[in-house]
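The values are calculated or read from the model by the stated rules, or taken from the named source; none is laboratory data. Quantities reported herein were computed from a predicted structural model and do not represent experimental measurements. Don't worry about glycine lacking a Cβ; one is built from the backbone with ideal geometry, like all the others, and counts go over all protein chains shown.
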Amino acid sequence: MPPLALSTPSILELIFDSVLHEAVILPPSPTGHIIPLSGVCQLWRRILLSEPERWRAFIFLPSKFINTSGCLDILKAMISRSSGRLLSFTFEGRANHLVAHPIANLFGGGRIDIVQEIVRPHQDWVSHLKCVLSGEECDKFFGQLNSVEFKVLYTLDLSLHNWYSGSTTHDALSLYKLKWPLCRVTVSLGPGVKFYPLDFQFPLNQLTKLHLEGQSMLLTKQEFLHVMRLCQKTMVDLSVIVEFDYRCKSPAYGPMIRMESLKIFRVRALNVFFDRAPLMQFALPVMESFRMETNGAGIWPWDFKFCEAFLRSSASSLANLILLDIPSSFKPYMLPHRRFTQRATDREDLKSFLRLFSKLHHLTLPSSVQVDDETMSMIASGHFLPFLQAFGFGTRDPRTAFDLIVKRNRGESEVPSTMNCQLPRPILRLSLALPTPEVCDVDQVQCNLARLSDKCHFEFHVTLVQPCAVCGAHCAVGS
């Protein structure tokens, strides 16, 4: 098809003229402008030849440099074509600019009332609402949102920045009293936000997904247990940050909390090895993916006996397990100033842990945990983790680790009798946490990567990480 002899503004004008007026008649007229216009690219062709009344997801990201009112008119016209169908709205700002320019880069300089002009007119059909809010917009948003009677709002995703909650009361934040059919909630609090997670009063007893993100979203262990008790019947996907009080340990035993539906669980557990008792109250029979980050690497060892006891109820269902260290230099999560004797993780506890979770497909061990050669050899032979395909761990001898992975991937290892004569699955993704540069030469390790790739008959990806001299975190140094 010949190229269009039109300027870019003219092409855009034709596009909007096509989607904002009467429904497109298919097949389109050969003499109309839709046929040549659809030759711009495949994406535009699909848009122009589709039925706009089926559109359900709308993302609005105006800028202070464009005609905001004109964009709003276009958006309203597009939404009007989808009346009677479930709608998804996303109102995003430029998050990386919110700190320096909290209002100028958001919603066209604050000139758009998203609740009154967009959300409220379609309150009967809005099923998904995602907003990035900053400063005064937060107070205005929550003040107006409480008067909206959503009928099918299942998903709410909020990112709040530079908000000091000057005039917003706790009643205005009460999402529990609004009787919305909320199932999935994500709230991220950025710098400058001074609210506690439970101030929002989520309807915990009906949620299937809850993500509380950001440094301000810090739950105490009492709040954490309260949340888990209320949502133990319905919660499927949970992500929280919990601080366990090292000054006051919990009782050794408490009422059991059985999470009957929880499949995805991510927790940043601060000081958890000082107070293990709260986590021992959980039964997680259907959990498929678990991620835990904790602090204390180097002064408080990873207790795999505790991890095994905590996750034992998930042994038959767990497929993805990620255990990570939080850098000790990360100030909000620093440990108390107390002296402890540095101890290494018990090797036998680690072996027992790996033996129990034999069905794992993805395992990442903390960078502070060094996997010894004997354990690596058992993984390479398939005695441990026969179904493993993605593996991350710390080692002081990457060459030995490479050789063992090659041995497993090429099928050269002895097959354990428990596997019914089936070879262990190849490891396709490998992440190695290396010691400091003084101990391990990264350049030499990277030279071995080519040798490793040549010997493997599978697509293979390797990431190398080392402690950062600035922040202490393990950062990628090669792949």
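Worth pointing out:
- Residue match in the range 254-273 (condition: at pLDDT 90 or above, closer than 20 Å to Lys221 by Cβ, over 20 Å from the mean Cα position of the chain (by Cα) and of a type in the set (Lys, Arg)): yes
- Scanning the range 114-139 for residues that are among the hydrophobic types (A, V, I, L, M, F, W, C) and more than 17 Å from Gly214 (Cβ to Cβ) yields Ile114, Val115, Ile118, Val119, Trp125, Val126, Leu129.
- Taken together, the residues in the range 376-390 that are surrounded by 23 or more Cβ atoms within 10 Å (Cβ to Cβ) and touching a His at 6+ places or on another chain (Cβ under 8 Å) amount to 1.
- Selected residue (criterion: surrounded by the fewest Cβ atoms within 10 Å (Cβ to Cβ)) from residues of the range 255-304 that are in a helix (DSSP H, G or I) and touching a helix residue (DSSP H, G or I) at 6+ places or on another chain (Cβ under 8 Å): Met280
- Residue check for Ser216: hydroxyl-bearing (Ser, Thr, Tyr) and either in contact with a Pro (Cβ under 9 Å, 6 or more places away or on another chain) or in the same structural domain as Pro255 (by the TED database) (or both): yes
- The requirement of being at pLDDT 85 or above, aliphatic (A, V, I, L, M) and surrounded by fewer than 21 Cβ atoms within 10 Å (Cβ to Cβ) is fulfilled nowhere in the range 399-419; no residue meets it.
- Count of residues meeting criterion [of a type outside the set (A, V, I, L, M, F, W, C) and at pLDDT 80 or above] in the range 147-178: 7
- Filter result for Arg85 (modelled with pLDDT of 70 or more, of a type in the set (Lys, Arg) and assigned by the TED database to the domain that holds Val187): yes
- Looking at Ile264, Ile322, just one residue is in contact with a His (Cβ under 9 Å, 6 or more places away or on another chain) and hydrophobic (A, V, I, L, M, F, W, C), and that residue is Ile322.
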